[in-house]
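Take a look at the structure set out below.
The values are calculated or read from the model by the stated rules, or taken from the named source; none is laboratory data. Note that the structure is a prediction, hence the values are computed from the model and not measured. Every residue, glycine among them, receives a Cβ derived from its backbone with ideal geometry; neighbour counts consider all protein chains shown. Only protein heavy atoms, including side chains, enter the accessible area calculation; ligands, DNA and RNA are left aside. Shrake-Rupley method; radii C 1.70, N 1.55, O 1.52, S 1.80 Å.
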Amino acid sequence: MIKIAIDAMGGDFGAKPIIEGTLKALEHQSFQAILIGDKAQIHSQIPLHFKHRERIEIIHCNDFIKMDETAANAIRRKESSIFIATDLVKENRADALVSAGHSGATMSLATLKIGRIDGVSRPAIGAILPRTDGKELLLLDAGANVDCSPEHLYAFGVMGYEYVQNVFRRKKPSIGLLSIGEEECKGNEVSKEAYALLQNHHGFVGNIEGDNLFDGHIDVVVCDGFVGNVVLKTSEGIAEAIVKLLKTYIAESVTSKMGALLMRKSFKKLKKNLDYAEYGGAPLLGINGNVIIGHGKSNPKAIQNAIKQAISSCEHHVNIKIAEAFKKGVH
């Protein structure tokens with residue numbers, strides 16, 4: 001049975017939503033949950049007669065990395081929840097790690113302790129975003145690497161392709177390089193050199209602009225972590241703004257309210273597609289292990305889906321596929 005190490009302490013709202021999400025996941029998925037954190041807090045959140053209690057292991061610790069601390073602190077804090085969780089994956093006592101805690105600490109510890117896949121010099125965070133056709137796209141890097149070389153961007157394309165092909169189950173994913181124009185000559189020197197490297201990959205379709213991100217024809221979007229994080233946060237902000245504007249316009253008249261009632265199912269679908277919790281978390285690709293980084297504000301649904309994502313990564317052997325792609329060379 002797949003074992004998932006879960007940092008129960010690192011999220012913005014403490015252990016409660018993380019434990020609730022884990023319990024929901026246990027009701028729908030077959031896996032062993034290893035919860036790392038304050039034992040008393042964890043026990044208090046688990047109902048006495050929870051039917052899947054035998055699939056829960058608790059590892060006690062008092063320490064955790066707070067969001068306002070630097071990632072460097074995590075290396076020295078051997079009794080922290082994320083340090084212990086990372087150790088479990090390193091020692092093969094867990095198959096995957098899920099954390100909604102300090103993303104920098106998670107990434108740093110995973111890179112240093114679990115190690116990188118051969119051929120990968122920079123792990124990347126892959127953000128899952130909705131498309132207009134109802135499917136998802138994978139954007140990477142979403143914040144792990146602010147400054148990138150052309151070789152890093154090429155590696156992001158390779159890793160994203162393997163993830164989408166195996167986890168999203170798409171036969172021939174398309175890779176697009178985010179730039180300021182579709183033409184090969186557009187962009188800065190790094191993106192132009194990355195374009196030349198990515199041309200060697202059969203999934204590469206060329207440059208894409210920001211207005212093509214969500215239109216449904218790109219599966220993997222490649223960019224550096226600075227641009228990727230701006231895109232991610234801007235997308236989240238726009239989604240929230242759209243929902244607020246709709247509520248404001250609907251409340252302006254009785255006619256609007258009646259129309260909203262008729263379109264209730266459509267609004268419900270829109271809200272679901274824009275909800276980050278539906279996508280769980282962001283896979284940290286390039287690590288020699290399965291790591292899912294959740295949003296700090298993750299609710300129980302987000303944690304449940306992050307665990308589901310971690311299980312899927314294990315079942316489809318994503319890291320093995322990425323390693324094989326770099327080993328044989330990609331054309």
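Residues 211, 63, sorted by accessible area with the largest first, give 211, 63 [1.4 Å probe; ligands and nucleic acids excluded]. Of all the Cα-Cα pairs you can form in the stretch 93-248, what percent are over 29 Å apart? Every Cα pair in the stretch 93-248 considered, those over 29 Å come to 19 percent.
Normalising the average separation of contacting C-alpha pairs (under 8 angstrom, six or more residues apart) by the number of residues puts the relative contact order of the chain at 23 percent. Solvent-accessible surface (1.4 Å probe) assigned to residue 248 amounts to roughly 80 Å². Pick out the long, greasy-scoring helices in the chain: whole DSSP H runs spanning 18 Å or more along their own axis by Cα, mean Kyte-Doolittle at least -0.5. Both cut-offs are met by 15-28, 150-167, 225-250, 300-315.
Surface calculation, 1.4 Å probe, protein heavy atoms: residue 13 sits at approximately 130 Å² accessible. Using a Förster distance of 30 angstrom, determine the FRET efficiency expected from the C-beta separation of residue 70 and residue 189, and round it to 0.05. Working from the Cβ atoms, E equals 0.45.
Each Lys or Arg adds one and each Asp or Glu takes one away; over the other residues whose Cβ falls under 11 Å from the Cβ of residue 324, this sums to +1.
For residue 144, the residues whose amide H sits under 5 Å from its own are 125, ignoring neighbours fewer than 5 places away on the same chain, with H placed 1.01 Å from N. Along the stretch 36-48 the Karplus relation, 6.51 cos²θ - 1.76 cosθ + 1.60 evaluated at θ = phi - 60°, assigns HN-Hα couplings of 10, x, 5, 4, 5, 5, 5, 4, 5, 9, 9, x, 4 Hz to successive residues, with x for each Gly and Pro. Taking the chain, how much of its Cα-Cα pair set, in percent, is spaced more than 27 angstrom apart? Percentage above 27 Å: 46.
When only the Cβ of Lys, Arg, Asp and Glu is charged (+1, +1, -1, -1), the dipole of the stretch 111-197 relative to its Cα centre reaches about 500 debye. The fraction of accessible area contributed by carbon and sulfur in the chain is 54 percent, rounded to a whole number (1.4 Å probe; ligands and nucleic acids excluded).
A simple spin-label model places pseudo-atoms 7 Å from Cα toward Cβ; at residue 79 and residue 211 they are separated by 5.8 nm. Full extension of the chain between residue 55 and residue 327 gives 94.2 nm of extra length, using 0.36 nm per residue less the Cα-Cα distance. Each residue was assigned an accessible area with a 1.4 Å probe, and for residue 149 the value is about 30 Å².
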